[in-house]
Amino acid sequence: MEFVDDCLSSGEEDYYCSDRESLEDALENDDSDSHFAPPKGSSSKVITQESLLAAQREDLCRVMELLPLKEHHARTLLIHYRWDVEKIFAVLVEKGKYCLFTEAGVPMSHDSNSSMSTSTTTCDICMEDLLSSEMTKMDCGHCFCNSCWTEHFIVKINEGQSRRIRCMSHKCFAICDEATIRTLVNKRHPDLAKKFDRFLLESYIEDNKMVKWCPSTPHCGNAIRVEDDECCEVECSCGNQFCFSCLCEAHSPCSCTMWELWVKKCRDESETVNWITVYTKPCPKCHKPVEKNGGCNLVGCICGQAFCWLCGGATGREHTWSTITGHSCGRYKEDQEKKSEHAKRDLYRYMHYYNRYKAHKDSFKQESRLKETIRDKVAVLEGKNSELRDFSWVTNGLYRLFRSRRALSYSYPFAFYMFGAELFHDEMTKEDLEIKQNLFEDQQQQLETNVEKLSKFIEEPFEGYSEDNIMKMRMQVINLSIITDTLCKKMYEYIEMDLLGSLQYGIHNIAPYHSKGVEKATELSISWAAKSCNDDMCQNLEDSTNCIERLTRQSRQQIVTLFSQPSTLVALEDEDDADSPGEDRRI
């Protein structure tokens, strides 16, 4: 019972945790990701409120290690380039140090600590002569009084520009020193200074395309960082699974655009409006929809207005069996007839896909309740005197059913837009579209058939079966689990390569298929973040080392030439002599 509890509580990421020996032969020729391999390190990380500073400092250390910069200048560079360290290195090599700093607003000369020339200085903003102690000079060299600086900072923070507050001087694009901003604002508005610090800290999430807040409701306070691809699906430590690209629920194989349109279509009840268009006519007086419930074409609204059902025009109430007194509308209007027929076809097509989508979603909800039932059934079997002790095949089959059922349900919104006229009517000929639709629907039908078979076996009362029947059922569940996994993978490959891959504009991307389900993000380690980056440049250089090694030797030499700093030169030479590229080294 303890083993089953572990399996049932582990989630999809621990899919196929046992039964290795019985399935090794079945999977011997399968080149897919092993279902039974121990979970590898997750490529996505959960950033909590406690580890946010550590995550930000990790990138700051990488930049400060390569460039002779203060921390606030390194942060200015990172915010400008959206916390993309590799892009900073690329711009440095391609355009040089001057262009890199100028575009980001980092001053080339740092003379803020130079002494004032006289005891009194005139502020060019308020035009008052003040003591040097009441003036502040920024790194760009511009000097104004503390009062003017403070007012400038307060306005910018309240306007939401905390992350990049520029110098007040005309045509100066240098970013002001965050320490100076914090000191001056704190003297007048301590709460605003805290707000400024929070904005700087959260810029790692707000300005970073590889980090996003978890969209859970209520908000868990976590953020997720992905390492490689923005188009993926992740699971936060709070249990919320979502699409990292659009922050909606995990919806592959639907693209983000398709899912957005589908949700809007269902939410706005646009098909109800379609039904009203087809089966009702607006009253010419009160404009409310009126449904015809008899054979006569003279219709009366509840407001008292009579009108012709054929053309919708207002009429009197006098009529014969064939005509309405004083009214004639016998002229044929082709556009109106075509519009009505088109609306009917759209309605029937939508209902076809929506009914199947909803049916599989409902099945998924019902099957999600099987966890407790499976636990009880296994408990009964474990209480018997039986040689059967490993029932992981049941939980493995259950999680495979969850994954396949969900992929199947979202395949219907995908098909609705992929083979409709709303998005891709100019991308393929009618013949090509028909061929691809038939191939897709064949794969979809095969997957649907095997998912239903797997669901049937999982729901059987196997706790009362004999050992022979349980062994037969075990092999059926294992085989169906492998088949559904293979069919899911093939359907995803067909969507990515033959359907979306053949489009002229590649704006529709889907999250890749994973046999183990949506990847669960692991918490970012903050054990190394206790020491200051300025005291010991960086405690973990593995990421920055890998990035530098991807640069060519020629690029490295350009960096050395640009800076001619002994510490940088030593770092590059040590890197060439390192035993392994991932070894941690300190300068």
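The values are calculated or read from the model by the stated rules, or taken from the named source; none is laboratory data. Since the structure is predicted, the reported quantities are computational estimates derived from the model, not experimental observations. Ideal geometry is used to build each Cβ from the backbone, glycine not excepted, and the neighbour counts take in all protein chains shown. Heavy atoms of the whole protein, side chains included, go into the accessibility calculation; ligands, DNA and RNA do not. Shrake-Rupley method; radii C 1.70, N 1.55, O 1.52, S 1.80 Å.
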* Asked: What's the carbon and sulfur percent of region 196-308's accessible surface, probe 1.4 angstrom, rounded to a whole number?
  -> 51
* Asked: To the nearest 0.05, what FRET efficiency results for H352 and E227 with a Förster distance of 35 Å applied to their C-beta separation?
  -> 0.30
* Enumerate the lysines that K281 could reach by cross-link, defined here as Cα to Cα under 19 Å, with residues fewer than 8 away along the same chain left out. => K292, K333, K338, K339, K344
* **Accessible-area order (highest first, 1.4 angstrom probe) of the listed residues H342, H287** => H287, H342
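Kirkwood hydrodynamic radius of region 220-314 from all distinct Cα pairs, in Å?
17.4
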* Over region 163-273, how many percent of alpha carbon pairs lie in each 5 Å bin up to the one with the longest distance? -> 2, 10, 14, 14, 13, 11, 10, 10, 8, 5, 2, 1
* Average accessible surface area per residue within region 57-104, 1.4 Å rolling probe, Å² -> 35
* **A379 paired with N186, simple spin-label distance in nm, labels 7 Å along Cα-to-beta-carbon** => 5.7
* **Alpha-carbon centroids, region 279-293 and region 174-241: separation in whole Å** => 53
* Exposure rank, largest accessible area first [H251, H142; 1.4 Å] -> H142, H251
* Asked: Given q = 0.16 Å⁻¹, what are the Debye log10 I(q)/I(0) values for region 124-189, with equal point scatterers placed on the Cα positions and solvent ignored?
  -> -0.48
* Could you work out the per residue convex hull volume over the alpha carbons of region 356-402, in cubic angstrom? => 60
* Asked: Translational D (Stokes-Einstein, µm²/s) of region 391-438 at 37 °C and 0.692 mPa s when Rh comes from the Kirkwood sum over C-alpha pairs?
  -> 254
* Asked: Leaving out ligands, DNA and RNA but keeping every protein chain, what accessible area does C329 have, in Å² rounded to the nearest 10, with a 1.4 Å probe?
  -> 50
